[in-house]
1. On the given criteria, is Thr204 outside any helix (DSSP H, G or I), within 24 Å of Ile297 (Cβ to Cβ) and of a type in the set (S, T, N, Q)?
2. State whether one or more residues within the stretch 304-322 are touching a Gly at 6+ places or on another chain (Cβ under 7 Å), without any contact (Cβ under 8 Å) to a residue 40 or more places away in the chain and either in a strand (DSSP E or B) or crowded, with 18+ Cβ neighbours inside 10 Å (or both).
3. For the stretch 501-514: of the residues being surrounded by fewer than 19 Cβ atoms within 10 Å (Cβ to Cβ) and touching a residue at least 12 places away in the same chain (Cβ under 8 Å), which is nearest to Phe424 (Cα to Cα)?
4. Tell me which helices (runs of 4 or more DSSP H) are completely within the stretch 346-421 and hold 2 or more residues being surrounded by 18 or more Cβ atoms within 10 Å (Cβ to Cβ) and among the aromatic types (Phe, Trp, Tyr), or say none if there are none.
5. Return the pair list, or none, for Cβ contacts closer than 7 Å from residues in the stretch 134-146 that are of a type outside the set (A, V, I, L, M, F, W, C) to residues that are modelled with pLDDT under 95 and not in a helix (DSSP H, G or I), at least 6 apart or on different chains.
6. Identify, by number, the condition in (1) within 43 Å of the chain's Cα centre (by Cα); (2) assigned to a helix (DSSP H, G or I); (3) under 18 Å from Val323 (Cα atoms) that His233 doesn't meet.
7. Taking the stretch 522-558 on its own, how many of its residues are charged (D, E, K, R), assigned to a strand (DSSP E or B) and loosely packed, with under 13 Cβ neighbours inside 10 Å?
8. Can you find even one residue in the stretch 459-478 that is touching a residue at least 40 places away in the same chain (Cβ under 8 Å), more than 19 Å from Val430 (Cα to Cα) and either out of contact with any Cys (no Cβ under 6 Å at 6 or more places or on another chain) or part of a strand (DSSP E or B) (or both)?
Amino acid sequence: MDEDLRERVEREAEKHALFNALEHGSDAEVGPIMGPLMGENPEFRQHGDQIAGVVAPVVSRVNGMDADEQAARLQELDEELYEELMAEEEKDDQILPDLPNAEEYDEIRMRAAPNPNGPWHLGHARMPSVMGTYTEDIYDGHFIVRFDDTDPETKRPDLDAYDRILDDIDYLGFTPDQVIKASDRVETYYEHARDLIDEGGAYTCSCSGETFSNLKNDAEACPHRDKDKETVHAEFDDMVAGEYTSGEMVLRVKTDIKHKNPALRDWVAFRMVDTPHPREEAEQYRCWPMLDFQSGIDDHLTGVTHIIRGIDLQDSAKRQRFVYDYFGWEYPEVLHWGHVQIDAYDVKMSTSTIIEKIENGELSGWDDPRAPTIASVRRRGIRGQALVDAMLELGLSTSDVDLAMSTVYANNRDLIDDDADRRFFVRDGVEVPISGGPAVANPPLHPDHEERGDRDIPVSDAVLVEEQDLPDVGGKVWLKGFGPVERTGKGFAHTDDDLAVVKSGDVDVIHWVPAAESVALRLRTMEGDEVGRAEPGYADYEADEMLQFERVGFVRVDEQNEGGESVAYYAHS
């Protein structure tokens, strides 16, 4: 084998060895490399008996590199092969499935369509988590937030909810490319209703709800179904002008009156609502579109390519397709998923239920620790990413899925543990006089980060410990950061025991705080408030900082009150 051929073999072998090692996250091997090497370079085959001897030292050299060196070298040798590897890794890291027919669209456009009748409960987090991930992280697409606020009565919008929902989306880590309020677009819906009437696809109906229901269920046509277009236009104009009251007149989409599914037969597109909309910009309207009409029109006009909605809303797509067919529009791709059920809460995950409990004083607000809401977990110090990751792991199952809050807590622990200092907090402490030992205790700020140093806790005449940690007279405990003490008839006395007594299991290590210098603290938890005292250094933290109270759990500093009672929120263990 001449020198030129040897160099080519070595170069090609190195590329394949690098790719093999990086793809599998382990050492490359000669055997798996030989196939693609010879396949891509048929001129090597006549030297097959010599190739392995050239490849082996190349593979050995590649295996001596770390992963970063391997990646940099592969990129240097073959940019295209490197990009192929990166694409494979990105695919492997993608939790969500590919969207159907995504390759047929120039841009993936998805929408989250909240009803702003209140701030979000935890189940609502799934919508922006999934759609935001698809549009921002996977497809570099377009993320729309559209407030479906065209029901001023039954699901009456809460004026504060608009901004709070957008704030929740920001907390989850996503930024909408476009924000729309449906109540700003009523004239657009009127325009399309008139176009639909021109297409022969809609008629005005003054039947009572009961009368039309009977006709629909019997697959009989409404007597108003064959009105001429001029009459329908005139009556719809009167609806728009507010000439009718609630229940007097509706505009129906003309479908198939004998359709096998009665729910799809001539469904209501517009109805009259006597209650004014709470937004000043929309309070003049009395003729309001139903959600299926409004949503269908907006999905087309905003170029939505993929819709994800609840499995219980399958009829929505079927209704909207009638309108799309009249206009000659192509319907978006549709995926359905089941509902999210979340454990750990006694309060039902329902906007109306939460509102009722707040109004009754059973909850202090949307951010009460007992409320299954985004505001609540946020105030407790749960990072948005922890919630997003848990939602993504649920996938897109059409069955109802269970989200264990323990998964959210585990995700959050991974995110905050390194940064969270350790401190002591004693609940309902028992005061115990103490004698002997150092004047200052020095437990570490973080057990895994010695470089952060220790904290100084002054030890005066007495300490506070939790009642269940108090040993019997003659018993010993180890006050963390201070040392071993024995309980005498007068209190705690420092002893000369070493750590061997802890390692043997004879002495428990407990947390404590000085009785005099400690900070009064109220800890808000899902089970109710707990009061106690925190070590003096707690007063140095600002609101929103995360700590771990040793043997208690992670907490978020909420409010510091010098000379009074400070407040923290319990996150999780």
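1. yes
2. Within the stretch 304-322, one or more residues are touching a Gly at 6+ places or on another chain (Cβ under 7 Å), without any contact (Cβ under 8 Å) to a residue 40 or more places away in the chain and either in a strand (DSSP E or B) or crowded, with 18+ Cβ neighbours inside 10 Å (or both).
3. For the stretch 501-514, the residue satisfying everything is Val509.
4. none
5. Pairs that qualify, where the first residue is of a type outside the set (A, V, I, L, M, F, W, C) and the partner is modelled with pLDDT under 95 and not in a helix (DSSP H, G or I), are Tyr134/Leu96.
6. Evaluating His233 over (1) within 43 Å of the chain's Cα centre (by Cα); (2) assigned to a helix (DSSP H, G or I); (3) under 18 Å from Val323 (Cα atoms) leaves (1) as the failure.
7. So the count comes out to 1.
8. Among the residues of the stretch 459-478, not one is touching a residue at least 40 places away in the same chain (Cβ under 8 Å), more than 19 Å from Val430 (Cα to Cα) and either out of contact with any Cys (no Cβ under 6 Å at 6 or more places or on another chain) or part of a strand (DSSP E or B) (or both), which makes the answer no.
The values are calculated or read from the model by the stated rules, or taken from the named source; none is laboratory data. Quick caveat, the model's predicted, so the values are computed rather than measured. We place every Cβ from the backbone using ideal geometry, glycine too, and count neighbours over all the protein chains shown.
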